[in-house]
């Protein structure tokens, strides 16, 4: 298991680092591609769970909404308009269902699936909500968007790594076993500590007070854990072990970005609220 995780990280991390170095428009393209792949898997799981979703419509809206969320700094109000269009057009698509009860379920679950996946667009939002980086910051040359994406990536990865090793070493008491049997309280504590330390280091590198990590670390960690559990609940409902087979050792793309779907909007909120 650990060997597969290391292999997957070795395959995935270099391309992500390269995309961060290149910046836009590559970041937007990767977010759109991830939204597309994750939406395909999410709607497959929803259908396997017995939900009468409108798959092509849902995938289209998920990608469009993710792009709109990421583009909000350039197009103010784009995300809200995209949500409204998703609700309206999904309802129109659901009119074809002969049973109104099935049509209502299809409408609701299609909108849910699209919004759930589209939260990946928040990966690119925190930077637009933060003040400009100080010219004296070690990572000032990266600019706001890439710097805060780095904070998000390292926060989630360090939480996942800390939780994995702490859980294996000290994990006895488990929680929410009906959703995910491997989660332990020791893992949560280890993950939060690891994320808080790493976030503090990265905050110092972008010219922010490391003390902010005492807020950002636990909140982003809690969101990352919730995102992982939410996808586990979806897979359990669908009777699936993984969302797909795209990534060796990690299943599908949704298995790798599930934490970011919740952590990204929480980080954006924290930046807008606490960062000055």
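Tell me which of these residue 262 doesn't satisfy, since it passes every other one: (1) more than 15 Å from residue 179 (Cβ to Cβ); (2) in contact (Cβ under 8 Å) with a residue 60 or more places away in the chain; (3) within 15 Å of the chain's Cα centre (by Cα).
Exception for residue 262: condition (1).
Quickly run through the range 65-81 and pick out the residues that are surrounded by fewer than 24 Cβ atoms within 10 Å (Cβ to Cβ) and touching a residue at least 24 places away in the same chain (Cβ under 8 Å). Let's see the steps before the verdict.
Of the range 65-81, the ones surrounded by fewer than 24 Cβ atoms within 10 Å (Cβ to Cβ) are 67-68, 71-81.
67, 68, 71, 72, 73, 79 - these are the residues of the range 65-81 that are surrounded by fewer than 24 Cβ atoms within 10 Å (Cβ to Cβ) and touching a residue at least 24 places away in the same chain (Cβ under 8 Å).
Kindly provide the set of residues from the range 17-30 that are crowded, with 16+ Cβ neighbours inside 10 Å and either over 17 Å from residue 247 (Cα atoms) or modelled with pLDDT under 90 (or both), ordered by number.
Here is the first cut: in the range 17-30, the ones crowded, with 16+ Cβ neighbours inside 10 Å are 19-20, 27-28, 30.
Within the range 17-30, 19, 20, 27, 28 qualify.
What is the one condition in (1) surrounded by 16 or more Cβ atoms within 10 Å (Cβ to Cβ); (2) assigned to a helix (DSSP H, G or I); (3) at pLDDT below 90 that residue 114 does not satisfy?
Unmet for residue 114, out of (1) surrounded by 16 or more Cβ atoms within 10 Å (Cβ to Cβ); (2) assigned to a helix (DSSP H, G or I); (3) at pLDDT below 90: (3).
Among the listed residues 66, 38, 9, identify the single one that is at pLDDT below 80, closer than 26 Å to residue 151 by Cβ, under 18 Å from the mean Cα position of the chain (by Cα) and in a helix (DSSP H, G or I).
Numbers: 66 fails: at pLDDT below 80; 38 fails: at pLDDT below 80.
The unique qualifying residue is 9.
Does any residue of the range 166-174 turn out to be under 18 Å from residue 267 (Cα atoms) and assigned to a loop (DSSP other than H, G, I, E, B)? Before the answer, list the steps.
Going through the range 166-174, the residues under 18 Å from residue 267 (Cα atoms) turn out to be none.
So far as the range 166-174 goes, no, none of its residues is under 18 Å from residue 267 (Cα atoms) and assigned to a loop (DSSP other than H, G, I, E, B).
Determine which single condition residue 214 fails, assuming it passes every other condition in (1) touching a residue at least 60 places away in the same chain (Cβ under 8 Å); (2) surrounded by fewer than 18 Cβ atoms within 10 Å (Cβ to Cβ).
(1)
If you take the residues in the range 202-211 that are under 11 Å from residue 139 (Cβ atoms) and out of contact with any helix residue (DSSP H, G or I) (no Cβ under 6 Å at 6 or more places or on another chain), which one is surrounded by the most Cβ atoms within 10 Å (Cβ to Cβ)?
Filtering the range 202-211 down to residues under 11 Å from residue 139 (Cβ atoms) leaves 202-208.
Pick out the ones that are also out of contact with any helix residue (DSSP H, G or I) (no Cβ under 6 Å at 6 or more places or on another chain) and you get 205, 207-208.
Details: 205: 18, 207: 17, 208: 26.
The residue in question is 208.
When residues of the range 179-199 are filtered for being free of Cβ contacts under 8 Å to residues at least 24 places away in the same chain and either farther than 15 Å from residue 162 by Cα or exposed (fewer than 15 other Cβ atoms within 10 Å of the Cβ) (or both), how many remain? Please lay out each step first, then the result.
Just the residues of the range 179-199 that are free of Cβ contacts under 8 Å to residues at least 24 places away in the same chain, to begin with: 181-182, 184-186, 189.
Going one step further and asking which of them are either farther than 15 Å from residue 162 by Cα or exposed (fewer than 15 other Cβ atoms within 10 Å of the Cβ) (or both), we end up with 181-182.
Qualifying residue count, the range 179-199: 2.
Select from the range 125-153 the residues that are closer than 19 Å to residue 254 by Cβ and either crowded, with 24+ Cβ neighbours inside 10 Å or in contact with a strand residue (DSSP E or B) (Cβ under 9 Å, 6 or more places away or on another chain) (or both) and list them in ascending order.
Residues of the range 125-153 that are closer than 19 Å to residue 254 by Cβ, as a first pass: 152-153.
Once the filter is applied, which keeps residues that are closer than 19 Å to residue 254 by Cβ and either crowded, with 24+ Cβ neighbours inside 10 Å or in contact with a strand residue (DSSP E or B) (Cβ under 9 Å, 6 or more places away or on another chain) (or both), the range 125-153 yields only 152.
Being free of Cβ contacts under 8 Å to residues at least 60 places away in the same chain and either assigned to a helix (DSSP H, G or I) or under 17 Å from residue 238 (Cβ atoms) (or both) is the requirement here; does residue 53 meet it? Please lay out each step first, then the result.
On the way: free of Cβ contacts under 8 Å to residues at least 60 places away in the same chain: no; either assigned to a helix (DSSP H, G or I) or under 17 Å from residue 238 (Cβ atoms) (or both): yes.
Answer is no for this residue.
Check residue 145 against each of (1) over 17 Å from residue 26 (Cβ atoms); (2) touching a residue at least 60 places away in the same chain (Cβ under 8 Å); (3) not in a loop (DSSP other than H, G, I, E, B) and name the one condition it does not meet.
If we test residue 145 against (1) over 17 Å from residue 26 (Cβ atoms); (2) touching a residue at least 60 places away in the same chain (Cβ under 8 Å); (3) not in a loop (DSSP other than H, G, I, E, B), just (1) comes out false.
With respect to the numbered conditions (1) at pLDDT below 95; (2) surrounded by fewer than 23 Cβ atoms within 10 Å (Cβ to Cβ); (3) closer than 28 Å to residue 140 by Cα, which one is the sole condition not fulfilled by residue 257?
(2)
Would you call residue 195 touching a helix residue (DSSP H, G or I) at 6+ places or on another chain (Cβ under 8 Å), within 17 Å of residue 271 (Cα to Cα) and assigned to a helix (DSSP H, G or I)?
Numbers: touching a helix residue (DSSP H, G or I) at 6+ places or on another chain (Cβ under 8 Å): yes; within 17 Å of residue 271 (Cα to Cα): yes; assigned to a helix (DSSP H, G or I): yes.
For residue 195, the condition - touching a helix residue (DSSP H, G or I) at 6+ places or on another chain (Cβ under 8 Å), within 17 Å of residue 271 (Cα to Cα) and assigned to a helix (DSSP H, G or I) - is met.
Return yes when residue 226 is modelled with pLDDT of 95 or more, surrounded by fewer than 21 Cβ atoms within 10 Å (Cβ to Cβ) and either in contact with a helix residue (DSSP H, G or I) (Cβ under 8 Å, 6 or more places away or on another chain) or not in a helix (DSSP H, G or I) (or both) and no when it is not. Before you say what the answer is, go through the steps one by one.
On the way: modelled with pLDDT of 95 or more: yes; surrounded by fewer than 21 Cβ atoms within 10 Å (Cβ to Cβ): yes; either in contact with a helix residue (DSSP H, G or I) (Cβ under 8 Å, 6 or more places away or on another chain) or not in a helix (DSSP H, G or I) (or both): yes.
So residue 226 fits the description; yes.
The values are calculated or read from the model by the stated rules, or taken from the named source; none is laboratory data. All of these numbers come straight from a predicted model, not from anything done at the bench. Glycine gets a Cβ as well: all are built from the backbone with ideal geometry, and neighbour counts include every protein chain shown.
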